[in-house]
Each structure stands twice: as C-alpha cells, then as structure tokens.
Amino acid sequence: MHQGRRLLRWWLQPSHYPRPRLASGGFDQVLWRKSVSIERGDGDAHPLLEAGKLTNLKLAAPYFDGLELGPGQPLSFWRTLGQVTARRGFRHGMELKAGCIVPALGGGLCLLSNELFVLAAQLGWNILERYGHTMEAVPSFTRPWGLDATIFWPYVDLRVEPPYPCRLEVKATDELSLIVRGHQPLSGRVELYSRDDAVGDGWRSNTLMRRRFDGQGSLLADEVIGHNRKRILTSPARRRNCLTCGETGCKARVQL
C-alpha cells in the first residue's frame, strides 16, 4: 500500500519528484568535499555483507554522479536510483529489521543516504524528507549524534533541495567520495547541534537542529532538521545476524 501510494505521488506530483538531470558546465567552485571509508572499522561486520555493500555502492554511485540540483530540482534518493534488484547486479548487504541485522538486497546503501544528509545539513539545503535509523548498529561519532538517514524502497526516502544551483559528484572505490560544486563560494555559515538529548535502557534520542547565518553573522533560521530515537546495539548484538545466529523460527530471518 505504501509503495503504491509513493509511486503514484511520483506521477501526480512531478515537481516534487522531478526526474534526475545531468549538469552542464560552469560549476567551478568546490562547496563540499568529503570521503568516508566504505569498510566498517569496528570488527563486528560479516565479510559477505561487507562485500555486498561495496558492490551496491559502486553500482549506485554513477546514478548520483553529475546531477544538477537546485531550486525546483530537489534530490530524491529513490527517484534517482530506482528499485534495487538482483537483475541490476545488486547484492545482499546489511539491513536492520525487526531488531536484528539481516542480509538484504541493496543493503549498505544507507552509507550513501547518510552522507547525502550530512552534506545537505551542513550546506544549508532544505530537508524535505528524512527518516532516522531506528537502531544504531555501528557506533556513531557524528556531531551532533544521529546525523544519518535511512531508506527503504520507495516510500522511506531522503529528499533534499539546495537553495542555489549546484552539481553533485559521487564516486565509490574503497571510499565513498562526495563533492558539491557551485557557481560561486557560499556566504554565511551553518551550525548543527542537538536538543532534547535522552538516554534510556538501551535507547537514545534527540532532536537535530540547525542554525543558519548570513555573511554578516546575522541569524537567518534556527530550525529542526530531524528527530531520532534509536535502539543501541551492543557489540555481541552487532555481530549477530542471519548468517551466524542459528535461529530458524525468526520472522525476520533471511536465508541466503
């Protein structure tokens, strides 16, 4: 039902979900540059799921590379990538489901959605749609905590819109690299912080906030960009998945 409704919205609201458009020349000013390791460094990941994640990111990156974004041309993760299928070459990677780590086709693509959300938040883009992960499977060291974005085809989406024309570049090797280029340097600055931080029995929550300032230092906006409530997995729980746990009656179980 949710899937059908979202796909119908793509058709009925083309201005909200425009088709991806490749950028032309003229975007010479680097506004953002960041590279992150694709391989997890905590030692709890399963090698098969890590290999699948690497394949999935290498397949996905070209769909985002070279896109022109700006007012009236927002980025929708799923409108850009399309449905993940085995026929397209996607493999099983890690996904969080029903409180467990399970193998899932296209698993690991959330590393890309995470980094797209980070750059959108830092560059002052409009956050049109974002959902936080419900579990923290990999220890988060972002500042503020919980600066991530989960995705699930096609209705759990990440949608962001720059207030200025720019070009997005995405490459995946052993690292995931993202660059944003514009026509001119940005004026002003952005400050990210959190409020309502709370820690409970295996849970943590907060509200992600953003202050935007103009070039003279005057406050333009103090706004909410996301809410988080996550179950915090221990190291043994992070190592446990459908390939290792041995349970056969679990409803979330995925057999490869």
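Taken over the Cα atoms of segment 44-125, the convex hull encloses 117 Å³ per residue.
In the calculated pair-distance distribution of segment 133-210, the portion above 19 angstrom amounts to 59 percent of the Cα-Cα pairs. Out of every Cα-Cα pair that segment 1-57 contains, those further apart than 14 angstrom amount to 75 percent.
Excluding same-chain neighbours fewer than eight residues apart, the aspartates and glutamates reachable from K58 by a Cα-Cα span under 17 Å are E39, E50, E115, E169, D174, E175. Taking every alpha-carbon pair within segment 189-243, the share separated by more than 14 Å comes to 65 percent. Taking other C-beta atoms within 10 angstrom as a stand-in for reagent exposure, D197, D44 fall in the order D197, D44, fewest first. Find the relative contact order for the chain and round it to a whole percent, using C-alpha pairs within less than 8 Å whose residues are 6+ positions apart. The value is 24 percent.
The smallest convex shape that holds all Cα atoms of the chain, its convex hull, gives 137 Å³ per residue. Estimated from helical segments only, the mean residue ellipticity of the chain at 222 nm is -6000 deg cm²/dmol, where each DSSP H run of four or more residues counts as -39500 (n - 2.57). Couplings 3J(HN,Hα) of segment 114-129, computed from phi: 4, 5, 5, 5, 4, 5, 5, 5, 6, 8, x, 6, 6, 8, 7, 7 Hz, in residue order, whole Hz [Karplus 6.51 cos²θ - 1.76 cosθ + 1.60, θ = phi - 60°; x for Gly and Pro].
Where a number appears in this text, it was derived from the coordinates with a stated rule and is not lab data. Nothing here was measured: the structure is a model prediction, and the numbers come from that model. Glycine also receives a Cβ, built like all others from the backbone with ideal geometry; neighbour counts cover every protein chain displayed.
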